[in-house]
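Bear in mind that the values in this text are calculations on the coordinates, not laboratory data. These numbers come from a predicted model, not from an experiment. Reconstructed Cβ throughout: ideal geometry from the backbone, glycine too, with neighbour counts over all protein chains shown.
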Amino acid sequence: MRVTDWQTTIREQLTEPQDPWIVLEGQGMVEAALAGWWEVAGVMISEAHSWDVPVWSGMEVERMAPVEMERLADATIHGGVLGLAKRPTETGEVATFLRSLDAEALVVVCPRLDEAKVAGDVIRLAAEHGAAGVLFGAEGVSPFHLEAVRGAGAALFQLPIRVADGGLLLRSLKAAGVELCGWEQAEFSGEAATTGRRALVMGDPEKGLGPFWRAACDRQVGGEVGSAMQGLAVESGG
């Protein structure tokens, strides 16, 4: 895509999202993307908005009438600022990412989530509880869906996010020596704490882990997902 085409692309993304582009809603989201070293092609800003975009950002800026911004998307969410970001190219490099983890790292794995909002909430919780990154199965909803981006907030740009098919995820996790701790919306009596790399493997809130991933897990953990992340982060020294 040429830089001069970003205005057209952002309009298309609001109606029919396509990889690798992501719409950023609000000044805070654009600033978080820049701070996370994401490529931001340009930003639309309401003429009524006071943000003076820093020159160092390298972004193109299009000033628009407030009514035009409201027609594009919900102004109560974007507040007069819409940006277009390009997803980092390393999002598929799962094996390399896992091999680079610290010996006591915690990662969160979501093999197949159906709801974008849940994916966003998981990313946000993972950042809050010190996870080293989040892995998503390509068979589920994209973590870069507009609703997921809204739910994740700035955490989307703070954590490494990787996406791959379920088989590759599992092979890469096993090869990296990661202990798989399965979580579903049910109570389990977790086994004794261990040391080393570990992953909280999250089942879909409605459908659970499914037989494949349930069998692949080394043990099960229970409680609220945030509590499960916190417990594993404490175990791993996070």
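Numbers for the structure displayed
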quantity: DSSP bridge pairs, the range 3-87: antiparallel proportion in percent, nearest 5; calculated: 70
quantity: Paramagnetic reach from Glu60 (point 7 Å along Cα→Cβ, amide N under 19 Å) across the range 78-105; calculated: 81-87
quantity: Share antiparallel - DSSP beta bridges, the range 5-152, percent rounded to 5; calculated: 55
quantity: Two-decimal Rg to Rh for the range 1-114 - Kirkwood Rh, Cα set; calculated: 1.05
quantity: Farthest toward positive dipole pole in the chain [+1 Lys/Arg, -1 Asp/Glu at C-beta], among Gly167, Met29, Cys110; calculated: Gly167
quantity: Convex hull volume per residue in cubic angstrom - Cα atoms of the chain; calculated: 126
quantity: 3J(HN,Hα) from dihedral phi, the range 26-40, Karplus parametrisation 6.51/-1.76/1.60, rounded to Hz, x for glycine, proline; calculated: x, 4, x, 5, 5, 5, 5, 5, 5, 5, x, 6, 7, 7, 10
quantity: Calculated [θ] (222 nm, deg cm²/dmol) that DSSP helices of n ≥ 4 give over the chain, each run adding -39,500 (n - 2.57); calculated: -10000 deg cm²/dmol
quantity: Gain on full stretching of the segment that runs from Asp218 to Asp52 - 0.36 nm per residue minus C-alpha separation; calculated: 54.6 nm
quantity: Inverse mean reciprocal Cα-Cα distance (Kirkwood Rh) of the range 50-156, Å; calculated: 16.1
quantity: Highest average packing first - 12-18, 206-212, 153-159, Cβ atoms within 10 Å; calculated: 153-159, 206-212, 12-18
quantity: FRET efficiency estimate (nearest 0.05) - Cβ-Cβ, Thr96 to Gln7, R0 35 angstrom; calculated: 0.50
